[in-house]
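Visitor: Mind having a look at this structure? Questions to follow.
The values are calculated or read from the model by the stated rules, or taken from the named source; none is laboratory data. Note that the coordinates shown come from a computational prediction; the quantities given were computed from them, not determined experimentally. We place every Cβ from the backbone using ideal geometry, glycine too, and count neighbours over all the protein chains shown.
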Amino acid sequence: MKILVCNVGSTSLKFKLYEMPACEVFAQGAVERVGSGRDAIVSYNNNHTGARVDLDGQDIPDYQTGIEWFLQELTEGPRAALSSVEEIERVGFKATLSKGHFGVHEIDEAVLDGMKEWLPMAPLHNAAYIKAIEVMREVLPEARFVGAFETAFHREIPMERKIFGVPYEWYEKYGVQRLGYHSASHGYIADVLNKEKTEYAAISCHLGGSSSVCAILNGKSVDTSFGMSLESGLIHANRTGDIDCGMAAFLRGQGLSEQEIQEGFQKKGGLLGISGVSNDMRYVIEAADNGNIRARLAMEVFVTGIVHYIGAFYLDLGRLDDLVFTAGIGEHSARIRRMVCEKLMPIGVRMDEKKNEDCHGEGVISTANSAVCVRVIPTNEELGIARRTYEI
Ligand code: ADP
């Protein structure tokens, strides 16, 4: 069965075409900087023949044009991997959230309505997905559409970790609760660990543009750092992490408009907000090394947040067998991994400096006598989505 997996960003589209259940990637492509005038970057790769194309300076004014560009490459001309779009039986979306739909769902009007209703929880992400799904449904009228929601893996988090200290009717009436995100990534990490063992306690640290920590017991998420909206948990590239809700009221009282406050929380916060340098950890580290105090502070706030959650989850799990680093920062920054692990010495974590520095890709980076096996596992969110879309 051919399954097309779509990862939609606020200005980007990423595609992978899988043959399932073989988990083989037939073709993949990306369209970045959608709606930027003549500044878009497009790429496409036929994984069978190796034929590829990379172009920049393209005019991709909207999602429709981006989707049509990819499907044309997929089915026509020298790089085609399919004879027609009808071969695509299912389309799986790494969708963010939909009110009342927490797991993996076939996308119908009710699911789309739920996405619209919970737009304020993930304004940039949900708006982009709604648009992309609408376009895709027109271009691929025969295919089945599946939303593997980013909240799916956390559905069985126990109530005591799900419920916030707000009037209980808000949970009943509005669904106010800890939802959690990064299900495709933490779920993929659990898939990897599940192949090795059935009984284990692990903590998965997805550290990227958005970051979260997830406690996994015997293959299931039992807690996560994200709360209800994407502006929670660890600090992210541009978004605030945990803050107290009184802050918004206080800032309103200081004369800031609602828009200024939302921009501060969603676009001008996080690594960028603290460092004043960049939302990219590579530049933050570079600036810190050149003596920039705020950049150093941003690194420390980031690491402290990770350690806080690991400490809390460790006590809650009662033990820790595996600590996993994944995503852009988790996979590539030996520096951040070292800063985290140094603070975990009291729970018996012993990092092997050389293994950590030498780790490029998958590997164990703890010493033989470490109480916890510390490992790097490159995430594969698309494969997780392809599997969930196939299973439905
Ligand atoms: P997203 O969450 O947007 O999917 P990724 O998981 O690809 O992003 O992570 C992107 C982030 O990873 C970049 O913003 C950058 O901060 C970080 N990153 C990538 N490589 C490195 C590196 N070598 N050192 C530090 N940070 C890195």
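Visitor: Taking into account only those residues within the range 241-261 that are buried (at least 16 other Cβ atoms within 10 Å of the Cβ) and either more than 16 Å from the ligand (Cβ to nearest atom) or among the basic types (Lys, Arg) (or both), which is farthest from the chain's Cα centre (by Cα)?
Guide: Looking at residues that are buried (at least 16 other Cβ atoms within 10 Å of the Cβ) and either more than 16 Å from the ligand (Cβ to nearest atom) or among the basic types (Lys, Arg) (or both), I get Leu251.
Visitor: Please work out if Gly270 is surrounded by 15 or more Cβ atoms within 10 Å (Cβ to Cβ), at positive phi and modelled with pLDDT of 95 or more.
Guide: yes
Visitor: Check off (1) without any contact (Cβ under 8 Å) to a residue 60 or more places away in the chain; (2) away from the ligand (no atom under 15 Å from the Cβ); (3) buried (at least 19 other Cβ atoms within 10 Å of the Cβ) for Ser221 and give me the number that stays unchecked.
Guide: Ser221 satisfies all of (1) without any contact (Cβ under 8 Å) to a residue 60 or more places away in the chain; (2) away from the ligand (no atom under 15 Å from the Cβ); (3) buried (at least 19 other Cβ atoms within 10 Å of the Cβ) except (1).
Visitor: Which one of these does Ala288 not meet: (1) more than 16 Å from the ligand (Cβ to nearest atom); (2) among the aliphatic types (A, V, I, L, M); (3) without any contact (Cβ under 8 Å) to a residue 24 or more places away in the chain?
Guide: (1)
Visitor: Please return the ranges of strands (runs of 3 or more DSSP E) entirely within the range 190-229 where 1 or more residues are in contact with a helix residue (DSSP H, G or I) (Cβ under 8 Å, 6 or more places away or on another chain) and among the basic types (Lys, Arg). Talk me through it step by step, then tell me what you get.
Guide: On the way: elements: 201-207, 211-217, 220-224.
Output list reads 220-224.
Visitor: Given (1) within 16 Å of the ligand (Cβ to nearest atom); (2) in contact with an Asp or Glu (Cβ under 9 Å, 6 or more places away or on another chain); (3) outside any helix (DSSP H, G or I), where does Gly187 come up short, assuming only one miss?
Guide: (3)
Visitor: Assuming His308 fulfils every condition listed in (1) touching a Cys at 6+ places or on another chain (Cβ under 9 Å); (2) of a type outside the set (Lys, Arg); (3) part of a helix (DSSP H, G or I); (4) more than 16 Å from the ligand (Cβ to nearest atom) apart from one, which condition is it?
Guide: (1)
Visitor: Here's something else I'd like to know. Looking for whichever is among the hydrophobic types (A, V, I, L, M, F, W, C), surrounded by fewer than 20 Cβ atoms within 10 Å (Cβ to Cβ), more than 21 Å from the chain's Cα centre (by Cα) and over 30 Å from Asp316 (Cα atoms) here; the options are Ala110, Ala127. Which one fits?
Guide: Ala110
Visitor: OK, next. Of everything in the range 277-301, what is of a type in the set (Gly, Ala, Ser) and crowded, with 17+ Cβ neighbours inside 10 Å? Give them in sequence order.
Guide: Hits for the range 277-301 are Ser278, Ala287, Ala288, Ala295, Ala298.
Condition check ((1) more than 16 Å from the ligand (Cβ to nearest atom); (2) modelled with pLDDT under 95; (3) buried (at least 22 other Cβ atoms within 10 Å of the Cβ); (4) not charged (D, E, K, R)) across all residues:
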residue	(1), (2), (3), (4)
Lys2	yes, no, no, no
Leu13	no, yes, yes, yes
Leu17	yes, no, yes, yes
Arg38	yes, yes, no, no
Asn45	yes, no, no, yes
Gln64	yes, yes, no, yes
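Visitor: If only one of Gly92, Gly57, Gly103 is crowded, with 22+ Cβ neighbours inside 10 Å and of a type outside the set (Lys, Arg), which one is it?
Guide: Sole residue among the options that is crowded, with 22+ Cβ neighbours inside 10 Å and of a type outside the set (Lys, Arg): Gly92.
Visitor: Only one of Val340, Val374, Val324 is within 15 Å of the ligand (Cβ to nearest atom), part of a strand (DSSP E or B) and buried (at least 16 other Cβ atoms within 10 Å of the Cβ). Can you tell me which?
Guide: None of the other options fit; the residue is Val324.
Visitor: Run Val303 past the list (1) out of contact with any helix residue (DSSP H, G or I) (no Cβ under 6 Å at 6 or more places or on another chain); (2) within 16 Å of the ligand (Cβ to nearest atom) and report the number of the one that doesn't hold.
Guide: The one condition Val303 does not meet is (1).
Visitor: Here is a follow-up. Can you spot a residue in the range 273-281 that is in a loop (DSSP other than H, G, I, E, B), farther than 20 Å from Pro123 by Cα, within 16 Å of the ligand (Cβ to nearest atom) and within 20 Å of the chain's Cα centre (by Cα)?
Guide: Among the residues of the range 273-281, at least one is in a loop (DSSP other than H, G, I, E, B), farther than 20 Å from Pro123 by Cα, within 16 Å of the ligand (Cβ to nearest atom) and within 20 Å of the chain's Cα centre (by Cα), which makes the answer yes.
Visitor: Considering each of Glu331, Glu357 in turn, give the residue that is at pLDDT 95 or above, charged (D, E, K, R), part of a helix (DSSP H, G or I) and surrounded by fewer than 17 Cβ atoms within 10 Å (Cβ to Cβ). It would help to see each step written out before you state the result.
Guide: Working: Glu331 fails: surrounded by fewer than 17 Cβ atoms within 10 Å (Cβ to Cβ).
One residue alone meets the criteria, Glu357.
Visitor: Now for a separate question. Would you say Arg319 is in contact with a strand residue (DSSP E or B) (Cβ under 7 Å, 6 or more places away or on another chain) and in contact (Cβ under 8 Å) with a residue 60 or more places away in the chain?
Guide: yes
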